[in-house]
Amino acid sequence: MSEEKKSITDIIRDEIMRRPFVKECMSLGIINYSALARLLIEELSLNSSTPAIKMALIRLSEELKREKSFLEGRVRDVIGDSIIELQSDVSVITISKERIAKVMKNIPGIMSESRFFQLTQGRETFTIVIASEDEEKVLDLAKEAVSILRDQTAVTIISPEEIIETPGVVAFMTSALSSNGINITQVISCYKDTIFVINRKNAPKAYQILEELIRRMR
C-alpha cells in the first residue's frame, strides 16, 4: 500500500469514527457505500476516485463487523451474568459546593441509617440520592438545595467484575431504556453496580425492560 493510499485510509477511518451513526450502519452492513464515498470525497476534498474510497469503506466495514461481533459477545456475557434490584421512593437532591460542608460531617450517620444512599460530586455541585423518608435530614443541614427531584426509583444492575473492562455495557442498557421512551434522571456507576434513577411512573416499565434484557442475554 502506498503512503498516499494509507493516508486516505486513515482519513476515512478517522472521519467514520467521528460519526457514530454511520459507524453503526457500516458495522451492520446497511449503508450505501457508493453514496457515502461520494459524500466523503465532497466533504473532505479527497483527491481519490469514488471506487477507491468505496473499497476503503468496504474494508473498514468488514473490520467494524468483526469488532462489533467480538464486543457484543463480551457485553452479552456481562449483562447475562447480572442481577437486578429496585428501590422505590427515593429523592435526588443537588447541593452547591458552598453548602455541602454543612452536610458532609453528618454523611456517615445518615448513610448508615438510610435504606438507600448515593453521593456523587460534580464540578460545582454534589448530588445525593437518598430514601425519600430521609431527605429532610439532608435538607435540614443544607438549608438550601439547587434542585430536588422526588418520586424517583433506583434500578440497580449488579454485574460481574468484567463490566469494569468491557466497553458498551452501560450504553447497551441505556439504549434499551431510551429506545422505549424511558428518561433516566441519574446514572451512577459504583464498581460492579450500575444505578439508573428513573421517575416512579416509568419504573415498572424500566424494570421489565432490563429484566427481559438480562434474561435474553443468558
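Key figures for this structure:
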item: Where ASP89 falls short, out of the listed (1) assigned by TED's automatic domain parsing to the domain that holds SER34; (2) on the phi > 0 side of the Ramachandran plot; result: (1)
item: Total residues in region 29-38, condition within 17 Å of MET17 (Cα to Cα) and surrounded by 14 or more Cβ atoms within 10 Å (Cβ to Cβ); result: 4
item: Residue check, PRO160 in contact with a Lys or Arg (Cβ under 8 Å, 6 or more places away or on another chain) and either buried (at least 18 other Cβ atoms within 10 Å of the Cβ) or outside the structural domain of LEU71 (by TED's automatic domain parsing) (or both); result: yes
item: Region 61-88 residues that are without any contact (Cβ under 8 Å) to a residue 60 or more places away in the chain and among the hydrophobic types (A, V, I, L, M, F, W, C), paired with ones that are surrounded by 12 or more Cβ atoms within 10 Å (Cβ to Cβ) and part of a helix (DSSP H, G or I) (beta carbon under 8 Å, 6 or more apart); result: LEU64/LYS23; LEU64/MET26; LEU64/SER27
item: Region 122-134, subset in contact (Cβ under 8 Å) with a residue 40 or more places away in the chain and over 15 Å from THR185 (Cβ atoms), residue surrounded by the most Cβ atoms within 10 Å (Cβ to Cβ); result: ALA131
item: Count of region 99-121 residues which are at pLDDT below 95, part of a loop (DSSP other than H, G, I, E, B) and surrounded by 11 or more Cβ atoms within 10 Å (Cβ to Cβ); result: 1
item: Test: residue in region 167-177 that is under 15 Å from GLU85 (Cα atoms), touching a residue at least 12 places away in the same chain (Cβ under 8 Å) and either in the same structural domain as VAL129 (by TED's automatic domain parsing) or not small (Gly, Ala, Ser) (or both); result: yes
item: Members of region 49-98 that are over 30 Å from THR9 (Cα atoms), exposed (fewer than 14 other Cβ atoms within 10 Å of the Cβ) and of a type in the set (D, E, K, R); result: GLU85, LYS97, GLU98
item: Test: residue in region 145-158 that is modelled with pLDDT under 95 and over 22 Å from ASN202 (Cα atoms); result: no
item: Which listed residue is within 30 Å of PRO204 (Cβ to Cβ), assigned by TED's automatic domain parsing to the domain that holds TYR207 and among the aliphatic types (A, V, I, L, M), from ILE107, ILE130; result: ILE130
item: Some residue of region 89-111 being small (Gly, Ala, Ser) and under 18 Å from ALA154 (Cβ atoms); result: yes
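The values are calculated or read from the model by the stated rules, or taken from the named source; none is laboratory data. Please read these numbers as outputs of a predicted model, since none were measured by experiment. In this analysis, Cβ positions are derived from the backbone assuming ideal geometry, glycine residues included, and neighbour counts consider all displayed protein chains.
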